[in-house]
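The values are calculated or read from the model by the stated rules, or taken from the named source; none is laboratory data. Quantities reported herein were computed from a predicted structural model and do not represent experimental measurements. Glycine gets a Cβ as well: all are built from the backbone with ideal geometry, and neighbour counts include every protein chain shown. With ligands, DNA and RNA removed, areas are computed over all heavy atoms of the protein, side chains included. Shrake-Rupley method; radii C 1.70, N 1.55, O 1.52, S 1.80 Å.
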Amino acid sequence: MNRHLRKAVVVTAAITAGLLMTACQNDSATGNSSSGKGGSDSAPVANNAADSKTSKSKGVSGTFSGGKVTYLAPGKYIVSVPGKSDQQFWVADDTEVYGVGTICGEAPSKVDAPCTLDQLESATKKGAVGADVTMKDGVATKIFERRASQGSGSSGSGSSGSGSSGSGSSGSGSSGSGSGDTTLEGINKGKGVNGTWFGAVSYLAPGKYTVSDQKGVEQAFFVAEDTKIWGAGDICGDAEGQAAEQCTEAQLEAAAKKGFDAEVKISNGIATTITDNH
């Protein structure tokens, strides 16, 4: 009996030792998992940084004109306007960027050329770029590079005389395209289309439209900062017998995406006046 008792004690001791070892291993595993969890605490920090870029609630909204844009970090810039505090902002995939020689495009052109975000970054890394920035919730919606010297729009308005008919002007335009120049190159060389067109206006790309005559022949044209846009119900304004009122380019773009009829006066491939025919 004593022998059986000793054997039972030994077995019990062995079982107890095994349980203690298992408990220690479990405690060790728990400690490792808790340290792993502590390491993952850095993830929310990264997420917060990303959230700050796309935050829609606390960002600044408005237009900052006459400023200079400077590169800060990938996707992040500062616009500095004289007499005001520097304003940081982000760019997004749908930010529209237009250049006239520094970001992209050609300096002599009166047309703002659409640029990529890579071109914006490359240009601002070299130095501050004069530009007007429109923001919504801290994210730029549009960035327009300013021309070094704002030429007067008199050349455009002077050519708006209806004496040059659409047919005669289109011949001038075709001579520019016939030389192998692109539309922008033709404009830069003074070989763009001139004349007055009556027809349906359609949207092509930012700043670029077409107007179709009665035969359905489309004529492409650009708009510039000095393009006069008048609405009487289609682009903007009130169609109920009210006088035409001046519209914004954003209103023109929205209306042209739907389509409307208008009188378009073009000088050197650039619209000087667009008046809807509501």
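Only a single criterion out of (1) among the small types (Gly, Ala, Ser); (2) farther than 14 Å from Gly75 by Cβ; (3) assigned to a helix (DSSP H, G or I) is not satisfied by Ser122, namely (2). Does region 106-117 contain at least one residue that is hydrophobic (A, V, I, L, M, F, W, C), modelled with pLDDT of 85 or more and within 30 Å of Phe198 (Cα to Cα)? Yes: one or more hits. Please verify whether region 147-162 includes one or more residues that are touching a Phe, Trp or Tyr at 6+ places or on another chain (Cβ under 7 Å) and either at pLDDT 80 or above or polar (S, T, N, Q) (or both). No: zero hits.
Here is a yes/no grid of residues against (1) crowded, with 19+ Cβ neighbours inside 10 Å; (2) polar (S, T, N, Q); (3) modelled with pLDDT of 90 or more:
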site: Thr183; (1), (2), (3): yes, yes, no
site: Gly186; (1), (2), (3): yes, no, no
site: Gly190; (1), (2), (3): no, no, no
site: Val201; (1), (2), (3): yes, no, yes
site: Gln214; (1), (2), (3): no, yes, no
site: Glu218; (1), (2), (3): no, no, no
site: Gly241; (1), (2), (3): no, no, no
site: Ala255; (1), (2), (3): yes, no, yes
site: Ile266; (1), (2), (3): yes, no, yes
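All of Ala262, Ala224 fail the test of being within 20 Å of Glu96 (Cα to Cα) and open to solvent by less than 50 Å² (accessible area, probe 1.4 Å), apart from Ala224.
Filtering Ser85, Ser80 for residues that are surrounded by fewer than 15 Cβ atoms within 10 Å (Cβ to Cβ) and hydroxyl-bearing (Ser, Thr, Tyr) leaves a single hit, Ser85.
Condition test on Asp51, is it open to solvent by 80 Å² or more (accessible area, probe 1.4 Å), modelled with pLDDT of 85 or more and not β-branched (Val, Ile, Thr)? Step through it out loud before you land on a result.
On the way: open to solvent by 80 Å² or more (accessible area, probe 1.4 Å): yes; modelled with pLDDT of 85 or more: no; not β-branched (Val, Ile, Thr): yes.
When the stated conditions are applied, Asp51 does not pass them.
Sort through Thr272, Thr227, Thr196 and tell me the only one that's in a strand (DSSP E or B), at pLDDT 90 or above, over 27 Å from Glu145 (Cα atoms) and of a type in the set (S, T, N, Q).
Details: Thr272 fails: over 27 Å from Glu145 (Cα atoms); Thr227 fails: over 27 Å from Glu145 (Cα atoms).
The conditions single out Thr196.
In region 88-105, what residues are in a strand (DSSP E or B), open to solvent by 40 Å² or more (accessible area, probe 1.4 Å) and either of a type in the set (A, V, I, L, M, F, W, C) or within 14 Å of Lys142 (Cα to Cα) (or both)? Result: Trp90, Glu96.
Do you know which residues across region 140-149 are open to solvent by 20 Å² or more (accessible area, probe 1.4 Å) and under 18 Å from Ile78 (Cβ atoms)?
Initial filter on region 140-149 (open to solvent by 20 Å² or more (accessible area, probe 1.4 Å)): 141-142, 144, 146-149.
Listed by number, the residues that qualify are Thr141, Lys142, Phe144, Arg146.
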